[in-house]
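The values are calculated or read from the model by the stated rules, or taken from the named source; none is laboratory data. For clarity, every value in this text was computed on a predicted model and none was experimentally measured. Glycine gets a Cβ as well: all are built from the backbone with ideal geometry, and neighbour counts include every protein chain shown. Side chains are part of the model used for accessible areas, which takes the heavy atoms of the whole protein and leaves out ligands, DNA and RNA. Shrake-Rupley method; radii C 1.70, N 1.55, O 1.52, S 1.80 Å.
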Amino acid sequence: MDYFLKRNVLNLFFPNRCPICNEIINANDRFCPECTEKITLYNGNFNIDGATEFYASIVYSKAIMPALFMLKSGECGNSDYAFGEYLSDVLKDKNISDKVDFIVPVPMTKQSMRKRGYNQAELISKVVSVETGIPVKLIVKKVRNTEEQKKLGKTERKLNLKDSFEVNEDVSGKRILIIDDVCTTGSTFSEIAVILRKNGVKDVFCASAMKVLQNHEDNIV
């Protein structure tokens, strides 16, 4: 069934709700009009070590926190769709389908997947895939548990992620887009980008639904 047709059918039985305020909204709406007005679109520049380019769609703020909390809590609701659509807007504007061969969501360990029930980066990636036509491939695995990044400083984040990812497919000469829900210092993106480069990837692009500005790093969910 077509992705958007499926959303409309499901909406008949389970009305779509704004992932920020929980108000009922139309089947293919992202947020309600009032909450949409509180969202700030990201237009900054940020460099990721090992990556060709970085993109983000929304600035992380208190206004968007309820939707991110829902996404990370295991409830999800409409948050994956809303963030995926916003990120798709940015990526289509950058003609991303002409630049990459496939999308790789930032992976979780099996233990974390069992706890949450899904990988939020993968859910957002699937929305982007529908909008751009770029396939999603789960070719990077997280092979060991790490401390929560939000509890660590920039240097500690890099050490925390060292040797925690592996590539399980031949990616020589490929162009890859890594997607995550939120980017703070870029340590996760960088670690995966470096590993992909070592495995022969030609270009690595990174994209997150939200970008945490430096003065908000201590407030991340």
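The solvent-accessible area of residue 108, taken with every protein chain present and a 1.4 Å probe, is close to 40 Å². Here region 1-117 is treated as a sphere whose radius is the Kirkwood value from Cα pairs; by Stokes-Einstein at 37 °C and 0.692 mPa s it diffuses with a coefficient of 204 µm²/s. Estimate the FRET efficiency between residue 2 and residue 138 by the formula 1/(1 + (r/R0)^6), using the beta-carbon distance for r and 35 Å for R0, to the nearest 0.05. About 0.90, to the nearest 0.05.
Loop-located trypsin sites (Lys or Arg not before Pro) in region 38-137 (DSSP state not H, G, I, E or B) with no more than 14 neighbouring Cβ atoms inside 10 Å: 38, 62, 94.
Cross-link check: pairs 38/137; 38/142; 142/202; 92/202; 115/137 evaluated at a Cα-Cα cut-off of 32 Å; pairs beyond the cut-off: 38/137; 38/142.
Summary value for region 44-144: 29 percent relative contact order, contacts being C-alpha pairs under 8 angstrom separated by 6+ residues. Of (i) 9, 39, 39, 13, 1; (ii) 8, 34, 38, 17, 2; (iii) 8, 32, 33, 17, 8, 2, 0, which one was derived for P(r) over Cα pairs in 10 Å bins from 0, in percent from the structure shown? From the options (i) 9, 39, 39, 13, 1; (ii) 8, 34, 38, 17, 2; (iii) 8, 32, 33, 17, 8, 2, 0, the structure gives (ii). Give me the distance between the Cα centres of region 97-117 and region 27-53, rounded to whole Å. Each part's Cα centre sits 19 Å from the other's.
Gain in length, residue 14 to residue 97, computed as 0.36 nm per residue apart minus the alpha-carbon separation, to one decimal in nm? Computed gain between residue 14 and residue 97 is 26.6 nm.
Relative contact order of the chain: 24 percent, from C-alpha pairs under 8 Å at least 6 residues apart in sequence.
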